[in-house]
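Colleague: Please see the structure below; I have some questions.
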Amino acid sequence: MAKSDSSAEKPAEARSHFIREMIEAGVRDEKHGGRVVTRFPPEPNGYLHIGHASSINLNFGMAAAFPGGICNLRFDDTNPDAEDVEYVDGIQEDIRWLGFDWGDRCYFASDYFQQLFDFAILLIEKGLAFVDSSSLKEIRKLRGNFYEPGTNSPYRERSIEENLDLFRRMRAGKLEDGAQVLRAKIDMQSPDLNLRDPILYRIRRVHHHRTGDEWPIYPMYDFAHGLSDAIEGVTHSLCSLEFEDHRPLYDWILRACEIESPPEQTEFARLNLNYTVLSKRKLLQLVDKGHVSGWDDPRMPTLRGIRRRGYPPQAILQFCDEVGITKRDSVVDVGLLEHFVRDALNFGAPRAMGVLRPLKVVIENFPEDQVEELDAPFHPNDPSFGSRKLPLSRVVYVERDDFMEEPVKKWFRLAPGREVRLRYACLITCVDVIQDPNSGEVVELRCTWDPESLGGAPADGRKVRGTLHWVSADHSVPAEVRLYNRLFKDENPSAGDGDFLDSLNPDSLEVLSGCRVEPSLANAQSGDCFQLERMGYFCVDPDSERSGTLVLNRTVGLRDTWAKEAKQAAPGTGAAC
Ligand code: ATP
Ligand code: MG
């Protein structure tokens, strides 16, 4: 095969957005000493999805956009119940695949457990944290709500000594899960619920995938996150909008812990795509309940799913740049993502021919033992792809849909008595149709060819409008082809009160066996991408190695409805729906 992966270039200048402008202004004013340090902080409780790609592109992209900027990879592994080392490895693989590198700065919040513990001690010593022996239920009850203020815990006024002692006993593993928690002492009257003495530490006597059984207590996200940012010298802590309400707490903790150059939290809207779900919890359900074959099922919006489907990473980054970063939630049309995939593959994928639903064609006047070796370019516009040989012989396969026994108006493909061109080969005319005597199904076409049209135009210059893809029966390679449709029937599967699983599309996967592809694909390797002319873009699935038969995934069809619709829409309104 010629070039196997696509190489459309990323645009040199990515679009600006409010975060880029904010960082630019800060650098100009020497804020944070003019430094730009970001981090991407995944929780290793699932694989990354396309929404994470937007955050990765933002964090690594902003670091790369400013001289000396760096982006750390930090696993936010403070919740051992759902976390797994399998995800730690998978996440790194996925970020690398997108083309980003964190150098030697792969960190784990769990590396900071001792420092975080020391900060908690500091807060207790300053009278800014206390151990609460109330049950979680009681704590919740006393918290109040949006309309009513909270009530102080009966344990709020414990002495510093008692708090230190109790917290150390928590740490020593002497207490049951849920027996007590460490809380910040802020303000139970605060209109901001997050500031009503939030929990900082809880007892969880569970095994951690990195620290083992060393810690029976684990810090809460709000406590661990800002301090981990501070420990790493992060300047810009970019996170999604749901943390906006937590920012006062983020700042309070940094102030209370006397952090000298505190990081700055800025929130942006999550990326949402229609016809899918972007939540690890829901994606895990799809996997666990067997609705998909795994996290890397090509219908999944996970990075490993779309990689297996054949999406080139640069198409994903271009998509993220195009969607941009905003402060307002919106849902992006998955058609826009497909548009960039198609665009990248149009430049980068070689062409081949393959017949998905074969119909046998016998060319009656083609000698039995004759084989014509035809030359065909791998790419119509890029000679650097080279060319391949296409063998033509007496029996070929064409696409079943390219034949119509009683042709409709404007049908230019095969029909009884009709002449068509076999792409790169010759003209053939259908002279007879063989049907199964029982079912009446067309099982074979008998045709004749015009030997003078071989590799070019017919001698008399007659016009033939239909051109079909085809393969030689004897020389072609068998393949299984998997066609994908949207995983969900509804634009927003999570809308309403119903279960998002009710919205699953039962026709999201169609498996075609008995397909035939041209011989140049005989040695195609897992991950190779190409266009099967007229049928779409495909890539070789890793199942090929397991099964010994070529298994192809259709990455995306050829028709770009998004580009057409976007042209008609006013500029800037095409992307979101
Ligand atoms: P999920 O809802 O899928 O479980 P999460 O926020 O819990 O997502 P994390 O592992 O904590 O997953 O995410 C790591 C980073 O990616 C966070 O900074 C988070 O804000 C960001 N992120 C997650 N989902 C999206 C999204 N859809 N769009 C943009 N950023 C996202
Ligand atoms: Mg999270």
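Colleague: May I ask you to verify whether D343 is over 29 Å from M404 (Cβ atoms) and not assigned by TED's automatic domain parsing to the domain that holds T448?
Modeller: Details: over 29 Å from M404 (Cβ atoms): yes; not assigned by TED's automatic domain parsing to the domain that holds T448: yes.
Considered against the rule, which asks whether it is over 29 Å from M404 (Cβ atoms) and not assigned by TED's automatic domain parsing to the domain that holds T448, D343 comes out as yes.
Colleague: Here's something else I'd like to know. Would you mind stating whether C426 is in contact with a helix residue (DSSP H, G or I) (Cβ under 9 Å, 6 or more places away or on another chain) and either surrounded by 14 or more Cβ atoms within 10 Å (Cβ to Cβ) or of a type in the set (K, R) (or both)?
Modeller: yes
Colleague: Report yes if L58 is assigned to a strand (DSSP E or B) and more than 14 Å from ligand 2 (Cβ to nearest atom), otherwise no.
Modeller: No; evaluated as a whole, the condition is false for this residue.
Colleague: Within segment 110-127, can one find any residue that is within 26 Å of the chain's Cα centre (by Cα) and within 16 Å of ligand 1 (Cβ to nearest atom)? Before the answer, list the steps.
Modeller: Just the residues of segment 110-127 that are within 26 Å of the chain's Cα centre (by Cα), to begin with: none.
No, segment 110-127 contains no residue that is within 26 Å of the chain's Cα centre (by Cα) and within 16 Å of ligand 1 (Cβ to nearest atom).
Colleague: Looking at segment 543-555, I want the residues that are without any contact (Cβ under 8 Å) to a residue 24 or more places away in the chain and under 16 Å from D297 (Cα atoms) and have a partner that is surrounded by 12 or more Cβ atoms within 10 Å (Cβ to Cβ) and not hydrophobic (A, V, I, L, M, F, W, C) with Cβ atoms under 7 Å, at least 6 apart or on another chain. Which pairs are those?
Modeller: S544/S526
Colleague: Separate question: Return the residues of segment 71-117 that are in a helix (DSSP H, G or I), within 16 Å of ligand 2 (Cβ to nearest atom) and closer than 13 Å to W215 by Cβ; say none if nothing qualifies.
Modeller: Once the filter is applied, which keeps residues that are in a helix (DSSP H, G or I), within 16 Å of ligand 2 (Cβ to nearest atom) and closer than 13 Å to W215 by Cβ, segment 71-117 yields P80, A109, S110.
Colleague: On the basis of being on the phi < 0 side of the Ramachandran plot, surrounded by fewer than 16 Cβ atoms within 10 Å (Cβ to Cβ), of a type in the set (K, R) and touching a residue at least 24 places away in the same chain (Cβ under 8 Å), does R140 make the cut? Don't jump to the end; show me each part of the working.
Modeller: On the way: on the phi < 0 side of the Ramachandran plot: yes; surrounded by fewer than 16 Cβ atoms within 10 Å (Cβ to Cβ): yes; of a type in the set (K, R): yes; touching a residue at least 24 places away in the same chain (Cβ under 8 Å): no.
No; evaluated as a whole, the condition is false for this residue.
Colleague: In segment 30-45, how many are assigned to a loop (DSSP other than H, G, I, E, B) and farther than 15 Å from P67 by Cα?
Modeller: 5
Colleague: Right, next: Are any residues in segment 134-157 in contact with a Ser or Thr (Cβ under 9 Å, 6 or more places away or on another chain) and over 15 Å from L195 (Cβ atoms), and if so, which ones?
Modeller: Filtering segment 134-157 down to residues in contact with a Ser or Thr (Cβ under 9 Å, 6 or more places away or on another chain) leaves 134, 138-139, 141-144, 149-150, 153-155.
Scanning segment 134-157 gives S134, E138, K141, P154, Y155.
Conditions tested, residue by residue: (1) modelled with pLDDT under 95; (2) surrounded by fewer than 19 Cβ atoms within 10 Å (Cβ to Cβ); (3) of a type in the set (K, R); (4) more than 26 Å from R15 (Cβ to Cβ).
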residue	(1), (2), (3), (4)
P262	no, no, no, yes
K280	no, no, yes, yes
Q285	no, yes, no, yes
L303	no, no, no, no
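Colleague: Given the conditions (1) in contact (Cβ under 8 Å) with a residue 24 or more places away in the chain; (2) away from ligand 2 (no atom under 16 Å from the Cβ); (3) assigned to a helix (DSSP H, G or I), which single one is not true for G68?
Modeller: (3)
Colleague: I would also like to ask the following. I'd like the residue in segment 219-234 that is closer than 18 Å to V181 by Cβ and surrounded by fewer than 23 Cβ atoms within 10 Å (Cβ to Cβ) and, out of all such residues, is nearest to ligand 1 (Cβ to nearest atom). Explain how you work it out, then say what you get.
Modeller: Pass one, segment 219-234, residues closer than 18 Å to V181 by Cβ: 219-225, 227.
Still in the list and also surrounded by fewer than 23 Cβ atoms within 10 Å (Cβ to Cβ): 220-222.
On the way: M220: 14, Y221: 9, D222: 13 Å.
For segment 219-234, the residue satisfying everything is Y221.
Colleague: Is there a residue being without any contact (Cβ under 8 Å) to a residue 40 or more places away in the chain and among the charged types (D, E, K, R) anywhere in segment 283-294?
Modeller: yes
Colleague: Would it be correct to say that G386 is exposed (fewer than 15 other Cβ atoms within 10 Å of the Cβ) and within 25 Å of V471 (Cβ to Cβ)?
Modeller: Values: exposed (fewer than 15 other Cβ atoms within 10 Å of the Cβ): yes; within 25 Å of V471 (Cβ to Cβ): yes.
Here the answer is yes, as G386 does meet what is asked.
Colleague: I'd like the residue in segment 58-81 that is within 22 Å of T326 (Cβ to Cβ) and not small (G, A, S) and, out of all such residues, is surrounded by the fewest Cβ atoms within 10 Å (Cβ to Cβ).
Modeller: My answer is F66.
Colleague: Quick check, is F75 away from ligand 1 (no atom under 14 Å from the Cβ), on the phi < 0 side of the Ramachandran plot and in contact with a strand residue (DSSP E or B) (Cβ under 8 Å, 6 or more places away or on another chain)?
Modeller: No, not satisfied.
Colleague: So, in segment 42-57, how many residues would count as being within 9 Å of the chain's Cα centre (by Cα), more than 7 Å from ligand 1 (Cβ to nearest atom) and either over 15 Å from D89 (Cβ atoms) or surrounded by fewer than 24 Cβ atoms within 10 Å (Cβ to Cβ) (or both)?
Modeller: So the count comes out to 2.
Colleague: Six or more apart or on different chains, Cβ under 8 Å: which pairs go from a residue in segment 439-459 that's more than 13 Å from Y424 (Cα to Cα) and assigned by TED's automatic domain parsing to the domain that holds S393 to one that's polar (S, T, N, Q) and surrounded by 15 or more Cβ atoms within 10 Å (Cβ to Cβ)? Could you list them?
Modeller: Between residues of segment 439-459 that are more than 13 Å from Y424 (Cα to Cα) and assigned by TED's automatic domain parsing to the domain that holds S393 and residues that are polar (S, T, N, Q) and surrounded by 15 or more Cβ atoms within 10 Å (Cβ to Cβ), the close pairs are C447/T429; T448/T429; W449/T429; D450/T429; A459/S453.
Colleague: What number of residues within segment 348-373 are surrounded by fewer than 19 Cβ atoms within 10 Å (Cβ to Cβ), touching a residue at least 12 places away in the same chain (Cβ under 8 Å) and farther than 17 Å from L532 by Cβ?
Modeller: 10
Colleague: Next up: Identify all residues within segment 399-438 that are among the aliphatic types (A, V, I, L, M) and more than 24 Å from D460 (Cα to Cα); write none if there are none.
Modeller: Of everything in segment 399-438, those that are among the aliphatic types (A, V, I, L, M) and more than 24 Å from D460 (Cα to Cα) turn out to be M404, V408, V433, I434.
Colleague: If you don't mind, another one. Restricting to segment 250-260, what's the tally of residues that are farther than 17 Å from V234 by Cβ and buried (at least 18 other Cβ atoms within 10 Å of the Cβ)?
Modeller: Total meeting the criteria: 1.
Colleague: While we're here: Go over the candidates A269, A230 one by one and state the one that is of a type in the set (G, A, S) and more than 30 Å from F146 (Cβ to Cβ).
Modeller: A230
Colleague: Could you give me the residue pairs with C-beta distances under 6 Å whose first residue belongs to segment 27-51 and is more than 16 Å from F268 (Cβ to Cβ) and among the acidic types (D, E), whose second residue is within 16 Å of ligand 1 (Cβ to nearest atom) and part of a loop (DSSP other than H, G, I, E, B) wherever it lies, and which are 6+ apart or on separate chains?
Modeller: Correct list of pairs: E43/D76.
The values are calculated or read from the model by the stated rules, or taken from the named source; none is laboratory data. What you see is a predicted model; the values in this text were computed from it and never measured. Using ideal geometry, Cβ is built from the backbone for each residue, glycine included, and neighbour counts are taken over all protein chains shown.
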